[in-house]
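The values are calculated or read from the model by the stated rules, or taken from the named source; none is laboratory data. Since this is a predicted model, take the numbers as computed values, not measurements. No Cβ is skipped: glycine too gets one built from the backbone with ideal geometry, and neighbour counts run over all protein chains shown.
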Amino acid sequence: MKFFPDSAISASDIERAKQAFVVSRYGARPVECPPNFSKPLPEQYDLIFVGSLFSHLDAGLFNRALDFFVGGLAPEGILVMTLHGRYTATAVSAGRTDPRDIMLRTVDMFARTGFSYVEQERTRYGVSYGTAFSAPSWVAGLVERRAHVTLLGYKERAWDNHQDALILQKLP
């Protein structure tokens, strides 16, 4: 807020205690986002940051969430999101040798298709919740199918030397 004194911060988290902390600590306005991304955001934003959420969504929810957040951008607005990419998929497989290991099978699917998902909880938040791995090429393919979005950047291991960062802009 120091560098952007006229700006306002909004915050949303599926875990309400985390959202309440950001609201109280930074004076943010709370925003309700449905876990299945079925309702649009209440307004449009110049910048949306989504940390780690996409690393827990199956392919269907990943697509829906991408549309949800892009839809919440103002024209020329920026979406920054983090996700598990190639490094994470490889790191997860390190040391795993049992062919029955679900994570090892998931990493194999990632290698073949560019996306894989392991469900950990069926009912958490009312939607499937797990671990997702998405290759830069798979994510770029999603962006290419959205003519109203441009890919500004993709940096592997940009977030905590672990998650990839994707930067998109909504075209005017």
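Here is how the numbers come out for the structure above:
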quantity: Residue in segment 4-16 that is in a helix (DSSP H, G or I) and either in contact (Cβ under 8 Å) with a residue 60 or more places away in the chain or not assigned by TED's automatic domain parsing to the domain that holds R122 (or both) present; calculated: yes
quantity: Residue in segment 136-155 that is farther than 27 Å from L41 by Cβ, surrounded by 14 or more Cβ atoms within 10 Å (Cβ to Cβ) and not β-branched (V, I, T) present; calculated: no
quantity: Residue in segment 37-57 that is among the basic types (K, R), over 24 Å from L142 (Cα atoms) and either surrounded by fewer than 20 Cβ atoms within 10 Å (Cβ to Cβ) or touching a Gly at 6+ places or on another chain (Cβ under 7 Å) (or both) present; calculated: no
quantity: Selected residue (only one of R64, R145 is under 22 Å from E15 (Cα atoms), modelled with pLDDT of 95 or more and charged (D, E, K, R)); calculated: R64
quantity: Answer residue from segment 158-170, given it is assigned to a strand (DSSP E or B) and either free of Cβ contacts under 8 Å to residues at least 40 places away in the same chain or not charged (D, E, K, R) (or both) and is surrounded by the fewest Cβ atoms within 10 Å (Cβ to Cβ) among those; calculated: I167
